[in-house]
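Trainee: What follows is a structure written as structure tokens; I'll ask about it next.
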């Protein structure tokens, strides 16, 4: 692995001593881990940055590697274990000298919903982000050096807000895409077309339920941040985190509306299906009712007796056919009068 340090960091030189920060405010402010390099070889790992705001982004390969890189930050082993636990729950965990957050981003790959964890360790002046692999959201932010400088000048919590805001808006776009997918099949549901895929509708509903459960947990974390972490963040950042919380609430409301529409469409589909089944059964029942007396007549004259009415009549066959037609017509008119047809 290689360390990639942004342009204002000195790549080919050992880190400056911690106690002697340079005059340039952004020196040693952002470090991204690409692989084993000088920090991995140092016993102290990633250096501390004093009172200047800093952002350290890592995606280590093992727990031991992360522990060695963040040796000076005294990260609790349980936090490291949570970071590498793929079944870790979304949470906020407070420690004496840092706060650990685990958020989960939603991504749409073709027709599949996937989730990716975002781990944040927030100290007094440093934000540490840890992911198991590269994240497009973070990589794009790292590529915009001017924006990173501007956000870090305000405080590392603004980097945290930026990532959460982008991921929350991205989740909202995915919800809108699911809504569009449902609208495309809603007309097919209501018209009861043969090409309708009812299984896809249930998959959409299941995906929305998964996203809602995730966003509800995010909202709880945002509430805790507003209640407990506001003292560690700058006063200006509170409004930004409230805005992300509002976006999360908007996602929940949007999902509730789509879910209700899906439930109504499925109910309408079942109603139409039941009505069509009843119509078919009614028609078949009427056909059976009409054929029953006709079958009785043909069965009567089909008996092998010598003396039966009309058996010796030259026009017996014609009279029987006409009588059966009149009987069927009369029954059909009766069903129409009763509005059974």
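No lab work stands behind these numbers, since they all come straight from the coordinates. Since this is a predicted model, take the numbers as computed values, not measurements. Heads up, the Cβs are rebuilt from the backbone with ideal geometry, glycines too, and the neighbour counts pull from every protein chain shown.
Trainee: May I ask you to sort 203, 81 by Cβ crowding, counting other Cβ atoms within 10 Å and putting the fewest first?
Mentor: Fewest-to-most ranking of 203, 81: 81, 203.
Trainee: Another question about this same structure. Taking 20 °C and 1.002 mPa s as the conditions, I'd like the Stokes-Einstein D for the stretch 93-224 in µm²/s, using the Kirkwood hydrodynamic radius from alpha carbon pairs.
Mentor: The calculation lands on 126 µm²/s.
Trainee: Could you calculate the contour length gain from residue 295 to residue 63, that is, 0.36 nm times the residue separation minus the distance between their Cα atoms, to one decimal place in nm?
Mentor: Length gained between residue 295 and residue 63: 75.2 nm.
Trainee: Continuing with this model, one more query. What do the square roots of 5 times the Cα gyration tensor eigenvalues come to for the stretch 254-293, in whole Å, largest first, as semi-axes of the equivalent ellipsoid?
Mentor: Sorted largest first and rounded, they come to 38, 4, 4 Å.
Trainee: Once label points are set 7 Å from the Cα along Cα→Cβ at both residue 116 and residue 147, what is their separation, rounded to one decimal in nm?
Mentor: 1.5 nm
Trainee: What distance in nm separates the two pseudo spin-label positions at residue 190 and residue 48, each 7 Å out from Cα along the beta-carbon direction?
Mentor: So the label points at residue 190 and residue 48 sit 6.5 nm apart.
Trainee: What per residue convex hull volume, in Å³, comes out for the stretch 47-167 when only alpha-carbon positions are used?
Mentor: It comes to 110 Å³ per residue, whole-number rounded.
Trainee: Also: At 0.36 nm per residue, minus the direct Cα-Cα distance, what do residue 202 and residue 181 gain on full extension? Give it in nm, one decimal, please.
Mentor: Using 0.36 nm per residue and subtracting the Cα-Cα distance, I get 6.4 nm.
Trainee: OK, next. Just want the ordering: 59, 98, from fewest to most Cβ atoms lying within 10 Å of their own Cβ.
Mentor: Ranking 59, 98 by Cβ neighbours within 10 Å, fewest first, gives 59, 98.
Trainee: Additional query: If R0 is 41 Å, what FRET efficiency do you get for residue 327 and residue 270 from their C-beta distance, rounded to 0.05?
Mentor: It comes out at approximately 0.60.
Trainee: Next question. Neighbour counts of other C-beta atoms within 10 Å: give me 135, 140 arranged from fewest to most.
Mentor: In order of increasing Cβ crowding within 10 Å: 140, 135.
Trainee: Right, something else. Could you give the length gained by full extension between residue 261 and residue 317, i.e. 0.36 nm per residue of separation minus their alpha carbon distance, to one decimal place?
Mentor: The span from residue 261 to residue 317 would gain 14.0 nm if fully extended.
Trainee: Determine the relative contact order of the stretch 99-175: mean sequence separation of Cα pairs under 8 Å and six or more apart, normalised by residue count, in whole percent.
Mentor: 27 percent
Trainee: Work out the FRET efficiency for residue 280 and residue 303 from their Cβ-Cβ distance, taking R0 = 45 Å, and round it to the nearest 0.05.
Mentor: 0.85
Trainee: Report P(r) for the stretch 259-341: all Cα-Cα distances, bin width 10 Å, range 0 to the bin holding the largest distance, values in whole percent.
Mentor: For the stretch 259-341, the pair-distance distribution reads 15, 29, 21, 16, 10, 6, 3, 0.
Trainee: Let me ask something else. Using 1/(1 + (r/R0)^6) with R0 = 30 angstrom and r between the beta carbons of residue 239 and residue 108, what's the FRET efficiency to the nearest 0.05?
Mentor: 0.50
Trainee: Report, to two decimal places, the Cα Rg of the stretch 201-341 normalised by 2.2 N^0.38 Å (N = number of residues).
Mentor: Output field value: 2.45.
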